[in-house]
Structure formats: structure tokens, C-alpha cells
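Here's the structure, in C-alpha cells; my notes come after.
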Amino acid sequence: MNVLIIETVINLDWCNSLKEKRRVRQGLIDRLEKRHRVSVKEVDYQDVWKTLCLGMAAVTLSESGARELEASLRTTVEEHSNGEIREWDADII
């Protein structure tokens, strides 16, 4: 059994308010949780309009499964965040 832990920072240069950021954040969290069955929370930069920092965690049966899940999560974030991934830190424990 392995635990995949990811922290990602996404630039949302087009956001002009916390309301716009909240809309993107909630849509992305809902999509990640439903599609990939992972736990997702905003972990930093809560008051910064143009920066979204998400923490994700999931339990997998194997390290290769964790790597596949990581790749799938990154693809989903890239396609549905309307922003640029500035940081992507993944650990498998």
C-alpha cells in the first residue's frame, strides 16, 4: 500500500477577484474528487486572487498505480484549471 501526496501551485493570471478564484477552485476540486477519488483541499494562498495552492492525497495499491494516478491528476489540472502550473511536488510514501 502506498500514499500519494501532491502539492501544486497554479497561477490564475486572469482572476480579478476571490469570487472568480473560488469558482475555479470549487469546480476543480469537485472534478478531481469525483473523477479520481482523491482527497483535495486548498492548503495555501487563500487570500491571493491569482494563486491557487491545492493539496491532494490518495491511497494506492502499488507505486506504479500511484505514478499513473499522478499523471492522470496532472492532466486533469492542466485541462480544467484555466491556469498555469507553477509548482508540482509529488511524494509517494
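The values are calculated or read from the model by the stated rules, or taken from the named source; none is laboratory data. Please read these numbers as outputs of a predicted model, since none were measured by experiment. Cβ coordinates were reconstructed from backbone atoms using ideal geometry, including for glycine residues, and neighbour counts include every protein chain displayed.
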- Task: Please identify the pairs in which a residue from segment 77-93 that is free of Cβ contacts under 8 Å to residues at least 24 places away in the same chain has its Cβ atom under 8 Å from the Cβ atom of a residue that is of a type in the set (A, V, I, L, M), counting only partners at least 6 apart or on another chain.
- Result: Glu78/Ile85
- Residue list for segment 53-93, restricted to those being part of a strand (DSSP E or B) and either hydrophobic (A, V, I, L, M, F, W, C) or more than 15 Å from the chain's Cα centre (by Cα) (or both): Cys53, Leu54, Met56, Ala57, Ala58, Val59, Thr60, Ile85, Trp88, Ala90, Ile92
- If you scan segment 1-34, which residues turn out to be buried (at least 18 other Cβ atoms within 10 Å of the Cβ) and either charged (D, E, K, R) or touching a Phe, Trp or Tyr at 6+ places or on another chain (Cβ under 8 Å) (or both)? Ile6, Thr8, Val9, Leu12, Cys15, Lys21, Arg25
- Message: For segment 15-38, give me each residue that is under 15 Å from Val77 (Cβ atoms) and free of Cβ contacts under 8 Å to residues at least 24 places away in the same chain.
- Response: Gln26, Asp30, Glu33, Lys34
- Task: Kindly list the number of the only condition in (1) charged (D, E, K, R); (2) part of a strand (DSSP E or B); (3) within 14 Å of Asn82 (Cα to Cα) that fails for Glu7.
- Result: (3)
- Message: Given the criteria touching an Asp or Glu at 6+ places or on another chain (Cβ under 6 Å), assigned to a strand (DSSP E or B) and not hydroxyl-bearing (Ser, Thr, Tyr), does Val40 qualify?
- Response: yes
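Do you know which residues across segment 14-36 are among the basic types (Lys, Arg) and in contact with a strand residue (DSSP E or B) (Cβ under 7 Å, 6 or more places away or on another chain)? I'd like the intermediate steps shown before the answer.
So in segment 14-36, the residues among the basic types (Lys, Arg) come out as 19, 21-23, 25, 31, 34-35.
Across segment 14-36, the qualifying residues are Lys21, Arg25.
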- Note on the structure: Here the residues within segment 43-52 that are within 15 Å of the chain's Cα centre (by Cα) and hydrophobic (A, V, I, L, M, F, W, C) are Val43, Leu52
- Single match in Val59, Val38 (criterion: over 23 Å from Leu12 (Cα atoms) and either modelled with pLDDT of 95 or more or touching a His at 6+ places or on another chain (Cβ under 8 Å) (or both)): Val59
